[in-house]
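First comes the structure, then the notes that go with it.
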Amino acid sequence: MPDHDHVNGSPIIAGAPDYDAVIVGASLAGCSTAILLGRAGARVALVEKSPDPQAFKRMCSHFIQSSAIPTLERLDLLDPIIAAGGLRTGFRAWTQWGWIQAPPELTVASVNLRRELLDPLLRERAGATPGVELLLGQSARELTRAPGGAIDGVVVRDVQGTETRLGARLVIGADGRDSRIAELAGVPEKKTPHGRFAYGGYFEGPAPDCAPDATIWMMDPQWAAAFPTDNDLTFYAAMGTLDRVGEFKRDPEAALRKWICDLPGGVPPIRESRLVEPVMGKLDMTNRLRRPTAPGLALVGDAALAIDPLWGVGCGFAFQTAEWLADSITPALVRGEALDDGLEAYRKRHARGLGGHARLMVAYANGRRLTASEKLLFSATTRDDKLAARFDAFGSRRIGPGRMLATTLPRAVAVNARHALRRRAAAPVPPATVVREQRERETVGV
C-alpha cells in the first residue's frame, strides 16, 4: 500500500488533503453523492474509469422504486428524467390467486428511464455542480492510509498510464457489486448464493395492457416482468431457476419470447414486437453484503449491498444510500465535526433502512418456493385493496418488513377467513337424498 510520501517511487508533496471527498464510480450512487456534497460546500473529486461521458450500465431493469422519489426531487432530477422520456409508473403482480394491484389513490408512482439516458444525464448534472470535479478515464489502483491506518486517498491511473494520488478526508466507493475500493480496503463482506439466472431485452412494439405500469409474474418459483419505459420500449425480463438456464444459453431471444408467451393471466404483446438490441443475460448474481464504512471510507449503492435483482431495488437503493451518506458526513466534511461520528451515523442509517429488506431478499434468492406465510399474505392481498396498498408500499420499499408484517398478517388471516366463508356459503346445496345417504354412511361407520 503506498504511503503519503511516494506512489510508485514518485514523491508526493505533503500537506492538506486535495479534496474533502474522493468518490470512485460516477454512476447513480456516485453522482448523487457528489451533487449533494458539492451543494453543501464540499470539494469533491468524482472518478470514473470510463473515458466516455455517455457510458451507462447495460444489464439493469432501470426501474426506480417510489421510495427513491423524494431523493430524486431533492436532487432536482425528477422533472429532467420525465422530460427525457421517463415514465411515472405503477406496479402490479400476478400470483396463482389472482392479480395484486393497489388502487392508484393508495400508491406512489415509481419512475422508469433507460440507463442509456439516465446515466449520462446524472453524470452531466454532477459535473456541473460547483465544487465537483469530474475525472473521466481514471481507474482506482491503490488506497493510501494515514499513519493511524485510516484511508486518506486513492491512487488513480489514466488511459495513458499516468498515476496520481488524490488525497481526501473521505474516500467513497460507488463502483458497483465488484467494488475495487471495497476489495482494496478489505472491508468485511458476506456472500450468499443466488439460485436464479436473469435474461432481458428491450422490445419495440405494442405496449402491454398494463402500460405505463410495471408488471411482474410470480410463478413460484419462476418469475417474469414487463417494464414499459421511454421511447415506446418495453423491457421484458425472465428470472428462472438454474435448471432452466440451458434453453436461454442456446437461444436467448427465442427462450425469452417463449417464456413471456407462456405467461398466465394474459400474454403481453411480445409476438408483435421487435427486439431492438441483443438479449442480455446474467448468471452470477451472488448476493454481496458489505459493511458500508471503515476508517476514512464509505460505500454506497451496490458497493455496499448488491442484492437479488428480482425485486428491482438497485437503482432506488443507489439514490437513497447516497442521500443518507451525504447527510451523515456533511457536518464533518464542511463544518469540521468528527468524521468517525458521521460514518457511524451512516452505518446505522444504512442498517435501519435496508437491513430487514436485505435479509428477506437473501432468503428468497436461492430459488425456493413460497412459504406458507407468504402464500397466506399473497392470496389475501389479491382479495383486499388495503392489503394491496401495503404490499405496494413494501414492494417499493417505502415501508420496512417489520411494519409490513405487523400491519398485514392479522388482516390477511381475517380476509382469507371471510373468503373461505363466502365460498362455502356460495357452494351448491346437495339434494336431500344425497344428504340422507351421507348421514346413513356416517351412522354405520362407512
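Looking across segment 165-183, the residues that are crowded, with 24+ Cβ neighbours inside 10 Å and either of a type in the set (Ser, Thr, Tyr) or not in a strand (DSSP E or B) (or both) come down to Ala174, Asp175, Ser179, Ile181, Ala182. The residue list Leu343, Leu421, Leu405 contains one member that is at pLDDT 95 or above, farther than 30 Å from Arg244 by Cα and not small (Gly, Ala, Ser), which is Leu343. For segment 378-401, which residues satisfy the criterion of being among the charged types (D, E, K, R), assigned to a loop (DSSP other than H, G, I, E, B) and under 25 Å from Gln320 (Cβ atoms)? Once the filter is applied, which keeps residues that are among the charged types (D, E, K, R), assigned to a loop (DSSP other than H, G, I, E, B) and under 25 Å from Gln320 (Cβ atoms), segment 378-401 yields Arg397, Arg398. Inside segment 304-350, residues that are part of a helix (DSSP H, G or I) and closer than 21 Å to Gly395 by Cβ make up a count of 14.
Regarding Leu263, is this residue farther than 21 Å from Arg58 by Cα, surrounded by 12 or more Cβ atoms within 10 Å (Cβ to Cβ), in the same structural domain as Gly205 (by TED's automatic domain parsing) and of a type outside the set (Asp, Glu)? When the stated conditions are applied, Leu263 passes them.
Residues that are free of Cβ contacts under 8 Å to residues at least 12 places away in the same chain, surrounded by fewer than 22 Cβ atoms within 10 Å (Cβ to Cβ) and under 18 Å from the mean Cα position of the chain (by Cα) do not occur anywhere in segment 76-95. In summary, Lys190 fulfils each of the numbered conditions (1) buried (at least 23 other Cβ atoms within 10 Å of the Cβ); (2) under 21 Å from the mean Cα position of the chain (by Cα) with the single exception of condition (1). Quick check, is Arg92 assigned to a loop (DSSP other than H, G, I, E, B) and within 30 Å of Val245 (Cα to Cα)? Spelling it out, it is not the case that Arg92 is assigned to a loop (DSSP other than H, G, I, E, B) and within 30 Å of Val245 (Cα to Cα). For segment 271-285, the set of residues classified as touching a helix residue (DSSP H, G or I) at 6+ places or on another chain (Cβ under 8 Å), under 21 Å from Pro208 (Cα atoms) and not in a strand (DSSP E or B) consists of Arg271, Pro278, Val279, listed by residue number. Report the residue count in segment 388-407 for those that are touching a strand residue (DSSP E or B) at 6+ places or on another chain (Cβ under 8 Å) and under 16 Å from Ala351 (Cα atoms). So the answer is 0. Please tell me if Pro103 is under 19 Å from Leu72 (Cα atoms) and surrounded by fewer than 18 Cβ atoms within 10 Å (Cβ to Cβ). For Pro103, the condition - under 19 Å from Leu72 (Cα atoms) and surrounded by fewer than 18 Cβ atoms within 10 Å (Cβ to Cβ) - is not met.
In segment 303-356, of all residues being buried (at least 21 other Cβ atoms within 10 Å of the Cβ) and free of Cβ contacts under 8 Å to residues at least 24 places away in the same chain, the one that is nearest to Ser110 (Cα to Cα) corresponds to Ser328. Evaluate the following for Pro70: is it in the same structural domain as Leu325 (by TED's automatic domain parsing), over 15 Å from Ile329 (Cα atoms) and surrounded by fewer than 20 Cβ atoms within 10 Å (Cβ to Cβ)? Judged against the criteria, Pro70 is not a match.
On the stretch given as segment 220-234, residues that are under 23 Å from Thr286 (Cβ atoms) and in contact (Cβ under 8 Å) with a residue 40 or more places away in the chain total 4.
Within the option set Ala225, Ala238, being outside the structural domain of Leu339 (by TED's automatic domain parsing), surrounded by 18 or more Cβ atoms within 10 Å (Cβ to Cβ) and either under 27 Å from Ser179 (Cβ atoms) or not hydrophobic (A, V, I, L, M, F, W, C) (or both) holds for one residue only, Ala225.
With the checklist (1) farther than 30 Å from Thr215 by Cβ; (2) among the polar types (S, T, N, Q); (3) buried (at least 17 other Cβ atoms within 10 Å of the Cβ) in hand, flag the one item Thr162 doesn't pass. Here Thr162 clears every test but (3). Inclusion of Ile151 among residues that are under 29 Å from Leu297 (Cα atoms), over 21 Å from the mean Cα position of the chain (by Cα) and aliphatic (A, V, I, L, M) is warranted. I'd like to check something: does segment 266-287 contain any residue that is out of contact with any Asp or Glu (no Cβ under 7 Å at 6 or more places or on another chain), of a type in the set (S, T, N, Q) and crowded, with 22+ Cβ neighbours inside 10 Å? For segment 266-287, residues out of contact with any Asp or Glu (no Cβ under 7 Å at 6 or more places or on another chain), of a type in the set (S, T, N, Q) and crowded, with 22+ Cβ neighbours inside 10 Å: absent.
The values are calculated or read from the model by the stated rules, or taken from the named source; none is laboratory data. Just so you know, these numbers come straight off a predicted model, no measurement behind them. Every residue, glycine as well, gets a Cβ built from its backbone with ideal geometry; the counts of neighbours run over all protein chains shown.
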